[in-house]
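Novice: My questions will all concern the structure given below.
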């Protein structure tokens, strides 16, 4: 793993096809393309989660993780509430990075307290079994409206679990605006 990739205090942070470099005056865009920098990632670098998969929940509330995600999640994962009523699944090491980042938020900020409470109170850590199954607690299944048909998507450094109907509605609603974007969403990136 690239030392400290994604961690607080990191020297380089990958963002799309470019790298952010932390210098004396803060973070600035680097000019190395991802293809050159990817060679420097080395073994154990956090991989991006990509793609859409359609597993089903079994009667015990277990979900089989897509095969291409299992290696990255095998050491442990954290499932928690996400936005738009989906569930976020983070590798344990990535969730630690998020935890460190949230520690930086001032305790006096009500929105930070609220966000942390909901995120951590609903969090469930687990290690997938040999078949790549994870149990999703009833409270999280209720939050996301998960019944039987699910959609699991790769969302860069996390995985999201959606109710199939909710995902299809979300995607239908958002694809048009995605296709019609006519300005930079992330300046300098696209």
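The values are calculated or read from the model by the stated rules, or taken from the named source; none is laboratory data. As the structure is a computational prediction, the values presented were derived from the model and not from experiment. Cβ sites come from the backbone with ideal geometry, for glycine too, and all protein chains shown count toward neighbours.
Novice: Inspect all residues belonging to segment 106-125 and state whether any of them is assigned to a strand (DSSP E or B), modelled with pLDDT of 95 or more and under 20 Å from the mean Cα position of the chain (by Cα).
Specialist: Yes, segment 106-125 contains at least one residue that is assigned to a strand (DSSP E or B), modelled with pLDDT of 95 or more and under 20 Å from the mean Cα position of the chain (by Cα).
Novice: Please identify the pairs in which a residue from segment 72-92 that is in the same structural domain as residue 136 (by TED's automatic domain parsing) has its Cβ atom under 6 Å from the Cβ atom of a residue that is surrounded by fewer than 19 Cβ atoms within 10 Å (Cβ to Cβ) and assigned to a strand (DSSP E or B), counting only partners at least 6 apart or on another chain.
Specialist: 78/125; 79/124
Novice: Shifting gears a bit: Need the failing condition index for residue 64 against (1) in contact (Cβ under 8 Å) with a residue 60 or more places away in the chain; (2) surrounded by fewer than 18 Cβ atoms within 10 Å (Cβ to Cβ), just the number.
Specialist: Condition (2) is where residue 64 drops out.
Novice: Collect the residues in segment 73-83 that are surrounded by 12 or more Cβ atoms within 10 Å (Cβ to Cβ) and in contact with a helix residue (DSSP H, G or I) (Cβ under 9 Å, 6 or more places away or on another chain), keeping them in residue-number order.
Specialist: 73, 76, 77, 78, 79, 80, 81, 82
Conditions (1) part of a loop (DSSP other than H, G, I, E, B); (2) over 27 Å from residue 61 (Cβ atoms); (3) modelled with pLDDT of 95 or more, marked per residue:
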{"residue": "152", "(1), (2), (3)": "no, no, yes"}
{"residue": "162", "(1), (2), (3)": "no, no, yes"}
{"residue": "166", "(1), (2), (3)": "no, no, yes"}
{"residue": "173", "(1), (2), (3)": "no, yes, no"}
{"residue": "178", "(1), (2), (3)": "no, yes, no"}
{"residue": "187", "(1), (2), (3)": "yes, yes, no"}
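Novice: Would you confirm whether any residue within segment 168-183 is in contact with a helix residue (DSSP H, G or I) (Cβ under 7 Å, 6 or more places away or on another chain), on the phi > 0 side of the Ramachandran plot and assigned by TED's automatic domain parsing to the domain that holds residue 61?
Specialist: no
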